[in-house]
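S.K.: Sending over a structure as C-alpha cells; questions will come in a sec.
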Amino acid sequence: MKKPKVLHNFYKSDSWRTARELKIMTVDSLCERCGAIGIEVHHKVRLSIDNVNDTSISLNQDNLELLCRDCHNKEHKRFSKEDRFDKDGNPINPKKPQ
Ligand SMILES: [Zn+2]
Ligand SMILES: [Zn+2]
C-alpha cells in the first residue's frame, strides 16, 4: 500500500503553515460554517498526491476553509477513529501516529 508521504511532508511545510495562518487570520479564527472557534483548515478540493504540488490548489486561500472539528468531521462524513484529525487539521493515520 502506497503511503502518501508527499502529503505528510506538505502538511509539515512552512508554506502550508503560512497559508494556514493567513486563512485563520482572515476569518478571525471562526468556523466558516457555524461560527464556532475554527481549528482545522480544510481543502475544498481535496489534496492528493497528484495536486499537492499545485499551489493553485494546495496553497490557494480560496480553496481553504476554516472549520471547527464538528463541521470538518461532517464535511468528510468521518466519525471513525481512523479518520480523525489532529489539532492542525491533519488527518490522523492510525498506522502512523505522528
Ligand atoms: Zn463549525
Ligand atoms: Zn478537510
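The values are calculated or read from the model by the stated rules, or taken from the named source; none is laboratory data. Model, not experiment: these values are computed from the prediction. Here the Cβ positions follow ideal geometry from the backbone for every residue, glycine too, while neighbour counts run over all protein chains shown.
S.K.: Between a residue in the stretch 42-71 that is free of Cβ contacts under 8 Å to residues at least 12 places away in the same chain and within 17 Å of Glu21 (Cα to Cα) and any residue that is in a loop (DSSP other than H, G, I, E, B) and within 16 Å of ligand 1 (Cβ to nearest atom), which pairs come within a Cβ distance under 7 Å, given they are 6 or more apart or on different chains?
M.R.: none
S.K.: Could you list, in sequence order, all residues of the stretch 16-30 that are part of a helix (DSSP H, G or I), surrounded by 14 or more Cβ atoms within 10 Å (Cβ to Cβ) and among the β-branched types (Val, Ile, Thr)?
M.R.: Within the stretch 16-30, just Ile24 meets the criteria.
S.K.: Provide a single number: the residues in the stretch 57-77 that are small (Gly, Ala, Ser) and either away from ligand 2 (no atom under 14 Å from the Cβ) or out of contact with any helix residue (DSSP H, G or I) (no Cβ under 7 Å at 6 or more places or on another chain) (or both).
M.R.: Final tally of qualifying residues: 0.
S.K.: Restricting the stretch 11-40 to residues that are acidic (Asp, Glu) and out of contact with any helix residue (DSSP H, G or I) (no Cβ under 9 Å at 6 or more places or on another chain), which is nearest to Asn60 (Cα to Cα)?
M.R.: Applying the filter and picking the extreme gives Glu21.
S.K.: Return the total of residues in the stretch 31-53 being within 16 Å of ligand 1 (Cβ to nearest atom) and exposed (fewer than 15 other Cβ atoms within 10 Å of the Cβ).
M.R.: Residues meeting the conditions: 5.
S.K.: Given the criteria modelled with pLDDT of 95 or more, under 22 Å from Val6 (Cβ atoms), of a type outside the set (Lys, Arg) and away from ligand 2 (no atom under 12 Å from the Cβ), does Asp54 qualify? Before the answer, list the steps.
M.R.: On the way: modelled with pLDDT of 95 or more: yes; under 22 Å from Val6 (Cβ atoms): yes; of a type outside the set (Lys, Arg): yes; away from ligand 2 (no atom under 12 Å from the Cβ): yes.
Yes.
S.K.: Give all pairs with beta carbons closer than 8 Å in which a residue from the stretch 20-38 that is touching a residue at least 12 places away in the same chain (Cβ under 8 Å) and within 16 Å of ligand 2 (Cβ to nearest atom) meets a residue that is of a type in the set (Asp, Glu) and in a loop (DSSP other than H, G, I, E, B); count only pairs at least 6 apart in sequence or on separate chains.
M.R.: If the second residue must be of a type in the set (Asp, Glu) and in a loop (DSSP other than H, G, I, E, B), the pairs left are Arg20/Asp88; Gly38/Glu32.
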